[in-house]
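The values are calculated or read from the model by the stated rules, or taken from the named source; none is laboratory data. Since the model is a prediction, treat every value here as computed from it, not as a measurement. Counting neighbours? That spans all protein chains shown, and the Cβs are built from the backbone with ideal geometry, glycine included.
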């Protein structure tokens, strides 16, 4: 039981720290990383809650969270690399860069 | 009447711990929502809304609503973040500056409606009450008849896919239509939906918590990639370059 308490406290403190970085983070990448690591802490806390209540079946959902977290982070980073969503954006963005104009 | 009390006292330590976790999650939710209200940079708001979705999904799991938590994680944290970013492409990247004012009527409406909602929760059955209508009559009937009638291992799936099949089909059609509408609105596949967008030029060092423009301008060219001319129209990611 003490172990559960210690683990829960540690994870919650880590969540608070990640949240603080998301709030004050000066650059964009701080925020992206804070969101990603907050998702990871969510997965950990979800697994811990499963073991506390004696039903670790929720680990499936933790897996889904992990996938979601990954996909969202990849999407955000791709978005800031290519500045668009959707298909065929790379060619168009490169073309816009070549012509030197803004692509808005 | 003694039996449920006995059950609760057996799980007392873990119930206390779960209560602690739930209260912490709710506190974090409050902090995140207040921060979302106060933040002017839309990208930060998008990231915070993803964090909010993760937290509320966690809270749904704590309340044993696992299917809702599943949906919240997939839709709230996954799809919504991407849709919000796509929508951000079509607008400015900063919220308009907040004009302080006194909207007493809005405050009054909020207080009255919120008070009415809180008052309404007093009539709701307690959490986990076995005699609550949702647990007692119809729900119990489904639990009893599910194994005999359609023999699905998961009761929620059975109700959604079989007992409420037509309803679920209608919902699917509605969601499909909504997805089509959102894709048309956002113009996915074209850059910025083919629109010309002018961002509000960022005021230098607007707030201490916003960004470090001076630091960025020196480090901007070190990424080695050719970036477009830094006009006010240039799209997302410019002033935040590492």
Item to check | Search result, residues across segment B:52-67 that are modelled with pLDDT under 85 and assigned to a helix (DSSP H, G or I) | outcome: B:66, B:67
Item to check | segment A:49-64 residues that are at the interface with chain B (Cβ under 9 Å from one of its Cβ atoms), paired with ones that are part of a helix (DSSP H, G or I) and modelled with pLDDT under 80 (beta carbon under 6 Å, 6 or more apart) | outcome: A:50/A:56; A:50/A:58; A:52/B:14
Checklist entry - residue B:66 versus (1) under 26 Å from residue A:58 (Cβ atoms); (2) touching a strand residue (DSSP E or B) at 6+ places or on another chain (Cβ under 8 Å): which is the lone unmet condition? => result (2)
Item to check | Selected residue (criterion: nearest to the chain's Cα centre (by Cα)) from residues of segment B:37-51 that are assigned to a helix (DSSP H, G or I) and at the interface with another protein chain (Cβ under 9 Å from one of its Cβ atoms) | outcome: B:50
Next on the checklist: I'd like the residue in segment A:1-12 that is farther than 24 Å from residue B:65 by Cα and modelled with pLDDT of 90 or more and, out of all such residues, is farthest from the chain's Cα centre (by Cα).
Outcome noted: A:6
Checklist entry - Within segment B:80-88, is even one residue without any contact (Cβ under 8 Å) to a residue 60 or more places away in the chain and out of contact with any helix residue (DSSP H, G or I) (no Cβ under 6 Å at 6 or more places or on another chain)? => result yes
Checklist entry - Within segment A:13-25, is there a residue that is modelled with pLDDT of 85 or more, under 15 Å from the mean Cα position of the chain (by Cα) and more than 21 Å from residue B:44 (Cα to Cα)? => result no
